[in-house]
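The values are calculated or read from the model by the stated rules, or taken from the named source; none is laboratory data. This is a predicted model, so every value here is computed, not measured. When we count neighbours, we look across all protein chains shown, and the Cβ atoms used for this are built from the backbone with ideal geometry, even at glycine.
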2 protein chains.
Amino acid sequence: MSIDSPTRATSSRTGAASTRAAPAAGVSPRHADGASAVPLYRELQRRLTRALSEGTWPPGAALPSESKLAQQHGVSIGTVRKAIDELVAGKILVRQQGRGTFVAAHTADRLLFHFFHVVPRSDGTSRAPAAAREMPRPMLRSFRRASAGAAVSRELGIERDAPILRIDNLLLLGGRAVIVDEISISAPLFPDLDRVRFEGRPGTIYGLYQADYGINVVRSSERLSAVACPAPIAKLLGLRAGQPVLRIRRIAYTYADRAVESRVSWVDTREHEYLSDLWKSDPDHER
Amino acid sequence: MSIDSPTRATSSRTGAASTRAAPAAGVSPRHADGASAVPLYRELQRRLTRALSEGTWPPGAALPSESKLAQQHGVSIGTVRKAIDELVAGKILVRQQGRGTFVAAHTADRLLFHFFHVVPRSDGTSRAPAAAREMPRPMLRSFRRASAGAAVSRELGIERDAPILRIDNLLLLGGRAVIVDEISISAPLFPDLDRVRFEGRPGTIYGLYQADYGINVVRSSERLSAVACPAPIAKLLGLRAGQPVLRIRRIAYTYADRAVESRVSWVDTREHEYLSDLWKSDPDHER
DNA sequence: TTCGATTTGTTCGTATGTATT
DNA sequence: TAATACATACGAACAAATCGA
């Protein structure tokens, strides 16, 4: 414990200098003439992202330690840290003091706080500070093969009529049907994925993408509108056709901003809301 | 005024020596016994935020240079940079190489990219990459004094029935009425604000808060739901009562997470959408 | 339980590059 | 051109958390 810590003898002064010398195969796009001059940490960041997208370190795995990365790429630890900083901010990597740096994995928590934005309505009476979020319970309505229409082909960057998997899910919150999800993914990206395997997944859908197909969803963009509820949807949600329903069109992306899933969600907002708390705190919400 | 006294002569490093004794005015919540031990950069961050909220540097103004801040607070430049890093990430400060670090001011750009999320629908045909955003044109519908109801008083942290200003705005996009805004703000916070002054503002509403009252909105949280459009709103938006409309309840915050505005927006999403692109790129989109 | 090795977190300092004025 | 200010990069030392022997 040490009551206090004198130590730190004067000593050192260092001052860089000396070496520099051998970049040793490392990162080094030092400005040659007048064009590029990309910072070292950006180049390293690019390398890390590429390695990530190539599955060098699977989700949940530890990266080499900062000092190892520094050695391997011929840069200082500070530069490694700076390269990693932004990936951590983007929830792509996770640092843990004393343990290491890990590839972010899709846990229930991550789903809830990063990709799932429907929360119980906090209108009048509620004084709950954070409105304890609840994990949605999925009920598979349909799993089938289809071909990409105009919208999906454009959103996923695949050919028109290309083979896709089309999955319809009903999500229950507090025992009530609140959301209908219509998921479209490129079939070739998910070989051998069938209804049984899909339903048998141990965790979340993004966890399945990640664990079984090495596809790590790291970002999503969503476009919302209020529309009249179509009859089939209304039936599932227990409201009348034509009543207002919140429609969400989501595109989910993996590392290099590559779109991997197109999803249309229909949300019954009579007792729930879509929360767009553009990154407040998010203080890791430790246990 | 004045965050602290300069002092802490440059000289030696690491304080730490023997007698804890004099922390000498600088940042230095070094672990006293077993509780706190807040990092220096956090403490400095807290000081900067407080100075910001006290109006030490008005929006648009430059902070002292990093080296000055380092001297004044008795820490190294690296620590100052780290303290500022998060404020920059949070759009509270803006760094410009060669110029300085500035308090983020409410420009049209900032409004558009940070607080205004309604964009033209990008359904079928559109192949525009970024759907050029458009500045909404406001038309004041009503400006009056009122008293806080249950919801507003709770959201703004003021007494029930406390005096508020209630402003109703109609927003035009592409010449069409698309949004109705119902704004509630605490009257004592905005002395002498009247209809003439409000309508005569040169820029955005948040720009008015900032320039005339030193209140800098830095964050907002929004809760969305699809509801049946009330008749009065429908009339303004040119749709029929009962048709689906997107309702947004927004709370806008200034520095210390203090709520300063409660706003309910009604959005006609027949030709527009709410874009929730949870922080993608945002590459400063220079000039 | 203690201890030591490992790994990230914090802080310091320096040197140099680049943009602005 | 010179000064100023932020940006990048390096290196060092110590703190704190973790984990296995």
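Numbers for the structure displayed
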read-out	value
Checking residue A:54 against (1) at pLDDT 95 or above; (2) farther than 30 Å from residue A:274 by Cα, the condition it does not meet	(1)
Some residue of region A:191-205 being buried (at least 20 other Cβ atoms within 10 Å of the Cβ) and within 30 Å of residue A:97 (Cα to Cα)	yes
Residue tally, condition within 12 Å of DNA strand D (Cβ to nearest atom) and within 26 Å of residue A:114 (Cα to Cα), over region A:66-90	6
Residue satisfying condition, being within 16 Å of DNA strand D (Cβ to nearest atom) and either within 14 Å of another protein chain (Cβ to nearest Cβ) or not charged (D, E, K, R) (or both), within set A:63, A:93	A:63
Residue selected from region B:59-72 under the condition in contact with a helix residue (DSSP H, G or I) (Cβ under 8 Å, 6 or more places away or on another chain) and within 26 Å of residue B:253 (Cβ to Cβ), by the criterion surrounded by the fewest Cβ atoms within 10 Å (Cβ to Cβ)	B:64
Residue that is in contact with a strand residue (DSSP E or B) (Cβ under 7 Å, 6 or more places away or on another chain), within 14 Å of chain A (Cβ to nearest Cβ), within 30 Å of residue B:53 (Cα to Cα) and of a type in the set (Gly, Ala, Ser), where the choices are B:220, B:225	B:220
Selected residue [more than 20 Å from residue B:271 (Cβ to Cβ) and either assigned to a loop (DSSP other than H, G, I, E, B) or of a type in the set (A, V, I, L, M, F, W, C) (or both)] from B:192, B:212	B:192
Hits in region A:63-85 - residues which are of a type in the set (Val, Ile, Thr) and either in a helix (DSSP H, G or I) or not assigned by TED's automatic domain parsing to the domain that holds residue A:39 (or both)	A:77, A:79, A:80, A:84
Sole residue being touching a residue at least 60 places away in the same chain (Cβ under 8 Å) and either assigned to a loop (DSSP other than H, G, I, E, B) or in contact with a helix residue (DSSP H, G or I) (Cβ under 8 Å, 6 or more places away or on another chain) (or both), chosen from B:222, B:261	B:261
Members of region A:226-253 that are within 16 Å of residue A:155 (Cβ to Cβ) and buried (at least 21 other Cβ atoms within 10 Å of the Cβ)	A:247, A:248, A:252
Hits in region B:58-86 - residues which are within 23 Å of residue A:85 (Cα to Cα) and at pLDDT below 95	B:86
Filter pass, residue A:88 being at negative phi, within 14 Å of DNA strand C (Cβ to nearest atom) and in a loop (DSSP other than H, G, I, E, B)	no
Members of region B:202-234 found to be over 15 Å from the mean Cα position of the chain (by Cα) and either modelled with pLDDT under 95 or closer than 18 Å to residue B:104 by Cα (or both), listed by number	B:202, B:203, B:212
Index of the failed condition, residue B:235 passing every other in (1) without any contact (Cβ under 8 Å) to a residue 40 or more places away in the chain; (2) assigned to a loop (DSSP other than H, G, I, E, B)	(2)
